[in-house]
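The values are calculated or read from the model by the stated rules, or taken from the named source; none is laboratory data. Keep in mind it's a predicted model, so treat the numbers as computed, not measured. Positions of Cβ are generated from backbone atoms using ideal geometry, with glycine treated the same way; all protein chains shown enter the neighbour counts. Side chains included, ligands, DNA and RNA excluded: accessible areas come from the protein's heavy atoms. Shrake-Rupley method; radii C 1.70, N 1.55, O 1.52, S 1.80 Å.
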Amino acid sequence: MITVHGLYKSYGAHPLFQGISIQVEKGEAVVLIGPSGSGKSTMLRCINGLETFERGEVIVDGIELHSINSKRPSKQEAERIRNVRLKLGMVFQQFNLFPHMTVLQNIIEAPVRVLGMSREQSVADAREILRQINLEGKINSYPGQLSGGEQQRVAIARALAMRPEAMLFDEPTSSLDPEMAGEVLSVIRKLVDGGMTTIIATHEMGFAHEAADRVVVFDKGNIIETGPPTEIFTDPKVPRTREFLNRVLGRFRI
Amino acid sequence: MYMAAPPKPKEGTLERIKERGYLLWGADAEGGAPYAFPDPGDPSKIIGFEVDLADAIAHELGVKAVQSQNAWDSLIPALERGDFDFAMNGIEVTEGRKNHVLFSEPYYIYTEQLVVQKDNTDIKSIVDLKGRRVGTLSGTVAQDILMGMGGVNVKIYSGQVEPYQDLALSRLDAVLLDLPIAAYYAKPNPKLKYAGPPVGEGLYAIAVRKNDTELKKKLDGILAKLYSTGELKKIYEKWGLWNKKQEKLASFFEDSGATTLEEGRRAPVKNFFPMLLKGAGVTVLISVSSMALAIGLGLLLTLMRLYAGPPFEWLATSYIEVYRGTPLLIQLFILYYGLPNVGISLNPVMAAFLGLGMNYAAYEAELYRAGINAVPNGQMEAALTLGMTRGLAVRRVILPQAVKIALPGITNDFIALFKDSSLVSVIAMVELTKTYSMLAASTLRFFQLGLITALLYFGMSYPLSLLARRLEKRLKKDQR
């Protein structure tokens, strides 16, 4: 479903990725963990073309993106990137809802204007999605009137309304307090259980342990270990993984 | 109407006058009495000895005379670009001007009159002017005389009322100006007096375009006829401008022009309202239309600069820098008087609309850009990940938020533009400020008419601020 192969990316003279690869099968839930700045988010952003990369390729459902070098891609390139994005839903740490639109307008904007869906159909879809995440009552609210957790759930709803083949979550709960994080995680959990292909960059180890099919450990732009959660969390092979887990789990146990 | 440029003379101007049924003569009504100025009794009418002379000339041609308003300083360039058939407004015959225009035979012999404060005993003639502050009008022979003397502290004015006012307020030691001007403005003023007899001697003549020899000959014939029938003398006597010098006999000068000035001082204020309101109407028309242009063009410039890539980005940036970095006044002059040199002749309304609109577009563009840059990057990323193209994302997500941020600045600019619109009077537009200065110059009621004019401006811009404030509040409510 999603293949990253030999990805090379640097910031000026500082290399971040030096030819890393990752593969996600249809229906698989992959959790990316690792210290801040280790490349989890950048990996997600490379996959849907928000970041340039110098070498390697990203293949999403058969569409290939080769090195994106330019901030100003050619027309064909831009169109290929857009086609990749149509297959992927993305959720950001900062929600990024459109503040000048209501919840409903946020959700139906892209289906109507990008997919050409009828307004009636997309409103019906939006209501159904909002019902599933218990936000029907907020349909006409503006983002500024919602709590952080509610905003993030709307952002998920907005991505789902495009009927994506896979979802990318970029630290979806990092700017939420634990209670709100719980609401958001349970929505993501439902998606994973429903068979949605997902890649999640997160610091929520508990969630990773329960929901992931596979955990990928990043460190300084390298994938240092990958495996099922039980293996990674109970018996990590790589010393650096162990150090990292001791650090975060130690902190979270207090 | 906007696109209609004044036609370049193809056939002779004389034929065109007859064909048209009226002659168009250029003069500056702000130049003031007794040449051509708004009638204090009915300010929508221009009167003066030159108006009477123009009527007499038109009568001889079998047509009507229509005055075309134009700033005095630029009467000659306006004539050259074909805005009117001839210019007649106390234009002195000088060698410099002969390079640009053809002069008719003179219709008046003027002298220069020195004026000082009533109690001044030091200055008896122009030889006493060394080291003194002496006021005069820009571009006049009097200015040449003063400059030529050397050692005189010459203060140049663009109106003929202000030097006498400054003299009365002791900001000047003396004023040297053409006798008709002194006769009208200085003689009736009890604080001022003539110092010595008139000096110098020069000629007022009608200026026509260089190739209009036929029209010049016709005008010469008509002037000769008006001389011989005594009609010219009648006109000058009416305005108190007749003197023996006109018969080539140097003698004393009598005047009575002061009666009109007194009338102007007494006329009820309501007489001036129709003209001021008309001026306000022109101001609104110019401001609203050029603001619309500025908003549209500014948006285009911003989008080019931020999203269109190298050649367009560079073009838009240069446009903005050039327009912000040069004075609006110069831009207006180039548009109106400069472009005819390359064959593009805009009428005053069009030039004012383009001049103001294109200038303010540069400022609007910067406001939009600041607005767009203030929208968090995540907004564009979120829109892109939903499959939107950049264009759609800009239109639906970025711009609505950017406009909200830019709105207070845009309103501010609109109000500023309202006031800047007074600058277009330099390109022959008679809007509110120009109307005011014309009326004030002929009646000396600077204070009263000034207050009324200021109130009119305020009455137009204040509702705008209120509207903008309400709009801002409503937009803010959308997204707490």
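Annotations for the structure displayed:
- Taken together, B:LEU102, B:LEU79, B:LEU114 contain a single residue that is part of a strand (DSSP E or B) and surrounded by 23 or more Cβ atoms within 10 Å (Cβ to Cβ), which is B:LEU114.
- Per this entry, A:ILE63 is counted among residues that are more than 27 Å from B:LEU306 (Cβ to Cβ) and within 14 Å of another protein chain (Cβ to nearest Cβ).
- So A:LEU16, is it away from every other protein chain (no Cβ under 13 Å) and open to solvent by 10 Å² or more (accessible area, probe 1.4 Å): yes
- For the range B:385-395, filtered to residues that are open to solvent by less than 20 Å² (accessible area, probe 1.4 Å) and at the interface with chain A (Cβ under 8 Å from one of its Cβ atoms), the residue that is nearest to A:ARG45 (Cα to Cα) is B:THR385.
Okay, residues lined up against (1) among the β-branched types (Val, Ile, Thr); (2) within 22 Å of B:ASN341 (Cα to Cα); (3) crowded, with 19+ Cβ neighbours inside 10 Å:
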{"position": "B:GLY21", "(1), (2), (3)": "no, no, no"}
{"position": "B:GLY26", "(1), (2), (3)": "no, yes, yes"}
{"position": "B:GLY31", "(1), (2), (3)": "no, no, yes"}
{"position": "B:PHE37", "(1), (2), (3)": "no, no, yes"}
{"position": "B:SER44", "(1), (2), (3)": "no, no, no"}
{"position": "B:GLU50", "(1), (2), (3)": "no, no, yes"}
{"position": "B:ALA54", "(1), (2), (3)": "no, no, yes"}
{"position": "B:ILE57", "(1), (2), (3)": "yes, no, yes"}
{"position": "B:GLY62", "(1), (2), (3)": "no, no, no"}
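- Within the range B:402-452, the set of residues being surrounded by fewer than 23 Cβ atoms within 10 Å (Cβ to Cβ) and of a type in the set (Val, Ile, Thr) comprises B:VAL403, B:ILE405, B:ILE410, B:THR411, B:ILE415, B:VAL426, B:VAL430, B:THR433, B:ILE452.
- Odd one out for B:VAL430, checked against (1) assigned to a helix (DSSP H, G or I); (2) more than 14 Å from every other protein chain (Cβ to nearest Cβ): (1)
- Condition met for B:ILE398 (more than 7 Å from chain A (Cβ to nearest Cβ), surrounded by fewer than 19 Cβ atoms within 10 Å (Cβ to Cβ) and assigned to a helix (DSSP H, G or I)): no
- Within the span defined as the range B:329-350, every residue fails to be within 14 Å of chain A (Cβ to nearest Cβ) and either at pLDDT below 95 or crowded, with 19+ Cβ neighbours inside 10 Å (or both).
- Residues in the range B:286-320 that are open to solvent by 40 Å² or more (accessible area, probe 1.4 Å), in contact (Cβ under 8 Å) with a residue 12 or more places away in the chain and over 18 Å from B:ILE372 (Cβ atoms): B:ALA292, B:LEU293.
- The set of residues from the range B:227-255 being out of contact with any strand residue (DSSP E or B) (no Cβ under 8 Å at 6 or more places or on another chain), buried (at least 16 other Cβ atoms within 10 Å of the Cβ) and at pLDDT below 80 comprises B:GLY240, B:TRP242, B:ASP255.
Residue-wise test of (1) more than 30 Å from B:LYS473 (Cβ to Cβ); (2) more than 12 Å from chain B (Cβ to nearest Cβ); (3) open to solvent by less than 40 Å² (accessible area, probe 1.4 Å).
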residue: A:ARG80; (1), (2), (3): yes, yes, no
residue: A:PHE95; (1), (2), (3): no, no, yes
residue: A:PHE98; (1), (2), (3): no, no, yes
residue: A:ARG127; (1), (2), (3): yes, yes, no
residue: A:GLY148; (1), (2), (3): no, yes, yes
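- Scanning the range A:122-155 for residues that are over 20 Å from the mean Cα position of the chain (by Cα), among the acidic types (Asp, Glu) and under 24 Å from A:LEU88 (Cα atoms) returns A:ASP125, A:GLU128.
- Filtering the range B:1-27 to residues that are of a type outside the set (Gly, Ala, Ser) and at pLDDT 90 or above leaves B:TYR22, B:LEU23, B:LEU24, B:TRP25.
- For the range A:64-78, the condition of being touching a His at 6+ places or on another chain (Cβ under 8 Å), in contact (Cβ under 8 Å) with a residue 12 or more places away in the chain and crowded, with 18+ Cβ neighbours inside 10 Å holds for none of the residues.
- The number of residues in the range B:360-382 that are more than 8 Å from chain A (Cβ to nearest Cβ), crowded, with 22+ Cβ neighbours inside 10 Å and either among the acidic types (Asp, Glu) or free of Cβ contacts under 8 Å to residues at least 60 places away in the same chain (or both) comes to 1.
- Residue that is nearest to A:GLU165 (Cα to Cα) [pool: residues in the range A:102-121 that are crowded, with 21+ Cβ neighbours inside 10 Å and more than 7 Å from chain B (Cβ to nearest Cβ)]: A:PRO111
- Per-region count, the range B:125-151, residues modelled with pLDDT under 85 and part of a loop (DSSP other than H, G, I, E, B): 6
- Checking each residue in the range A:20-40 for being under 14 Å from A:LYS220 (Cβ atoms) and either hydroxyl-bearing (Ser, Thr, Tyr) or loosely packed, with under 14 Cβ neighbours inside 10 Å (or both) picks out A:SER36, A:GLY37, A:SER38.
- Top-ranked residue in the range B:51-76 [being outside any helix (DSSP H, G or I) and farther than 27 Å from B:THR111 by Cα; ranked as nearest to the chain's Cα centre (by Cα)]: B:VAL66
- A:ASN134 free of Cβ contacts under 8 Å to residues at least 60 places away in the same chain and more than 25 Å from B:GLN401 (Cβ to Cβ): yes
- Filter result (modelled with pLDDT under 85 and touching a Gly at 6+ places or on another chain (Cβ under 6 Å)) within the range B:74-110: B:TYR110
- Within the range B:82-99, being open to solvent by less than 20 Å² (accessible area, probe 1.4 Å) and part of a helix (DSSP H, G or I) holds for no residue.
- Annotation for the range A:185-201: no member residue is modelled with pLDDT under 95, outside any strand (DSSP E or B), crowded, with 20+ Cβ neighbours inside 10 Å and of a type in the set (Gly, Ala, Ser).
- When restricted to residues that are at the interface with chain B (Cβ under 8 Å from one of its Cβ atoms) and not small (Gly, Ala, Ser), the range A:82-93 contains 6.
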